[in-house]
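Since the structure comes first, as structure tokens, the remarks are kept for the end.
FYI, it's all coordinate maths here, none of it is from the lab. Every value quoted in this text rests on a predicted model; they were computed, and no experiment measured them. Here the Cβ positions follow ideal geometry from the backbone for every residue, glycine too, while neighbour counts run over all protein chains shown.
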Amino acid sequence: MPLLADHLRSLRALGAVARHGSTMQAAQGIHLSQPAVARAVIEIERVCVQMRTARDFAIAKDYLGLDRKS
């Protein structure tokens, strides 16, 4: 489980992407590499999907394709 500092770093990167409009410009603005910013945004997306309530779980399941049979 990621530490709070990791989540805060990811939120900072997400905020920079929102302000700058691209991961490249955000990375330059917060002095990180572009891949690090992209990973941070992916981490926030993952956390948000996990935070869904039980009522919304079916929506998250459909979104992630978890209900498909292999």
Subject >> Simple spin-label estimate for Ala5 and Arg39 in nanometres, 7 Å along Cα-Cβ >> reply: 1.6
Subject >> Note, ³J(HN,Hα) from phi for segment 32-46, Karplus 6.51, -1.76, 1.60, rounded to Hz, x at Gly and Pro >> reply: 10, 6, 4, x, 5, 5, 4, 4, 5, 5, 4, 4, 5, 4, 5
